[in-house]
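Asks: Below are the structure tokens for one structure; questions will follow.
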Amino acid sequence: MDLFIELNKRNNRALSKAITLAESSLEKDQILSDKLISKFPKKNDSIRIGITGIPGVGKSSFIEKFGQKFIDQGKKVAVLAIDPSSEKSQGSILGDKSRMENLAKNKNAFIRPSANKGILGGVSNKTRDSILLCEAAGYDVIIVETVGVGQSETTVSKLVDIMLLLTITGAGDQLQAIKRGIIELSHLIIVTKDDGENKNNAKQTLIELKNILSIKPPIDEYWVPKVLKCSSEQNTGIDEINIIVNQFIQKAKHESLFNSKRKKQEIFWTEKTIKEEIGNIKFQKLKKRKQLKQIVDSILTSEKTLNEVLNNI
Ligand SMILES: Nc1nc2c(ncn2[C@@H]2O[C@H](COP(=O)(O)OP(=O)(O)OP(=O)(O)O)[C@@H](O)[C@H]2O)c(=O)[nH]1
Ligand SMILES: [Mg+2]
């Protein structure tokens, strides 16, 4: 199967194969994957959304309803569910898919669970490659679901345009998020399971979070973080969240900050990959000799692939 041709035809099976190639740790696969990705022009009309929160907070259930809103608006939605816990991966992958049952069946949606073993938080430059591949296959909205462990939130925030932190009622979760600096990374904080007996608690948590946020500096200068609540079970509050996410993207684009943030992220990931490949000492030498920028530029403009560059260092 020619993956380039098939991805252009928006073939989901080709997309699955291409992501498997990108996730492979074999050098020959990495070279192929690198080449494939560099053939596609960068798409700046997609929306990349990071969704994080502790296990069981309701991320997958939320994405099932939230993703549908974009599909209703005529968009194609890809979900990358990153599960860093290698042992239980099979089980929770099934769990994720069954929580997103309708989305999984929709022809305008693509769900890809990945169990990235060994990498802190499971999120890596391979996730970035997967995002680019989804965009190449015609997906407009890319949602990255990740469990809040280790460094995963910080890493995800460097892959996406907007970060949503899902939280449940009860002080423990919020305090943890504040302690680990996650609230500062989030554009939207969403109190989940706002239904049944939990409604009053959800309201209380919302007020507490608003108070906390009123004294925190915003993550992006053009955006004051918002707190909202929703119930995926009852499908309430999801519309409002969809509207606010769209507003955020509009605003970022209007102020030309959307593209500049993506560019910064691209530089970050390219430099990180080079550093991992050649080691810190060589990397620092390149930086000192002012060669790094030129090398990164040649990759970003698709003049050269990463492997071509690495072979010449
Ligand atoms: N009452 C109520 N329960 C919910 C809601 N959303 C999710 N749940 C329940 O919460 C549990 C966890 O939901 P998931 O959507 O799998 O949560 P998750 O954050 O994706 O979990 P992991 O992927 O394991 O980290 C399930 O038992 C859901 O049925 C909601 O809106 N209301
Ligand atoms: Mg999940």
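Asks: Look at the stretch 49-58 and say how many of its residues are over 18 Å from CYS134 (Cβ atoms) and surrounded by 16 or more Cβ atoms within 10 Å (Cβ to Cβ).
Replies: Qualifying residue count for the region: 5.
Asks: Name every residue in the stretch 194-234 that is over 25 Å from the mean Cα position of the chain (by Cα), within 17 Å of LEU166 (Cβ to Cβ), within 16 Å of ligand 1 (Cβ to nearest atom) and acidic (Asp, Glu), in order of residue number.
Replies: Hit for the stretch 194-234 is ASP195, nothing else.
Asks: Which numbered condition in (1) at pLDDT 85 or above; (2) on the phi > 0 side of the Ramachandran plot is the only one that GLY150 fails?
Replies: If we test GLY150 against (1) at pLDDT 85 or above; (2) on the phi > 0 side of the Ramachandran plot, just (1) comes out false.
Asks: Further question: Take the conditions β-branched (Val, Ile, Thr) and over 18 Å from the mean Cα position of the chain (by Cα) and apply them to ILE249. Does it pass? Reasoning before the result, please.
Replies: Details: β-branched (Val, Ile, Thr): yes; over 18 Å from the mean Cα position of the chain (by Cα): no.
Here the answer is no, as ILE249 does not meet what is asked.
Asks: Just to check your reading of the model, which residue among ASP83, ASP34 is of a type in the set (D, E, K, R) and more than 16 Å from ligand 1 (Cβ to nearest atom)? Spell out the reasoning first.
Replies: Values: ASP83 fails: more than 16 Å from ligand 1 (Cβ to nearest atom).
Of the residues listed, the single one that is of a type in the set (D, E, K, R) and more than 16 Å from ligand 1 (Cβ to nearest atom) is ASP34.
Asks: Regarding the stretch 32-48, can at least one residue be identified that is in a loop (DSSP other than H, G, I, E, B), within 14 Å of ligand 2 (Cβ to nearest atom) and surrounded by fewer than 18 Cβ atoms within 10 Å (Cβ to Cβ)?
Replies: There is no residue in the stretch 32-48 that is in a loop (DSSP other than H, G, I, E, B), within 14 Å of ligand 2 (Cβ to nearest atom) and surrounded by fewer than 18 Cβ atoms within 10 Å (Cβ to Cβ).
Asks: All but one of (1) within 21 Å of the chain's Cα centre (by Cα); (2) away from ligand 2 (no atom under 16 Å from the Cβ) hold for LYS304; state the number of the condition that does not hold.
Replies: (1)
Asks: Still on this structure: Looking only at the stretch 65-74, which residues are within 13 Å of ligand 1 (Cβ to nearest atom) and open to solvent by less than 20 Å² (accessible area, probe 1.4 Å)?
Replies: PHE66, GLY67
Asks: Just to be sure I understand the filter: pairs with C-beta atoms under 6 Å, separated by 6 or more residues or on different chains, first member in the stretch 188-207 and in contact (Cβ under 8 Å) with a residue 24 or more places away in the chain and under 20 Å from ILE63 (Cα atoms), second member within 16 Å of ligand 2 (Cβ to nearest atom) and hydroxyl-bearing (Ser, Thr, Tyr). Which pairs pass?
Replies: That search, which allows pairs on different chains as well, returns VAL191/THR167.
Asks: Report yes if some residue within the stretch 75-90 is among the basic types (Lys, Arg), under 30 Å from ILE274 (Cβ atoms), at pLDDT below 95 and surrounded by fewer than 17 Cβ atoms within 10 Å (Cβ to Cβ); otherwise report no.
Replies: Checked the stretch 75-90: no residue is among the basic types (Lys, Arg), under 30 Å from ILE274 (Cβ atoms), at pLDDT below 95 and surrounded by fewer than 17 Cβ atoms within 10 Å (Cβ to Cβ).
The values are calculated or read from the model by the stated rules, or taken from the named source; none is laboratory data. Quantities reported herein were computed from a predicted structural model and do not represent experimental measurements. Note: ideal-geometry Cβ built from the backbone for every residue, glycine included; neighbour counts use all protein chains shown. Surface accessibility is based on the protein's heavy atoms, side chains included, excluding ligands, DNA and RNA. Shrake-Rupley method; radii C 1.70, N 1.55, O 1.52, S 1.80 Å.
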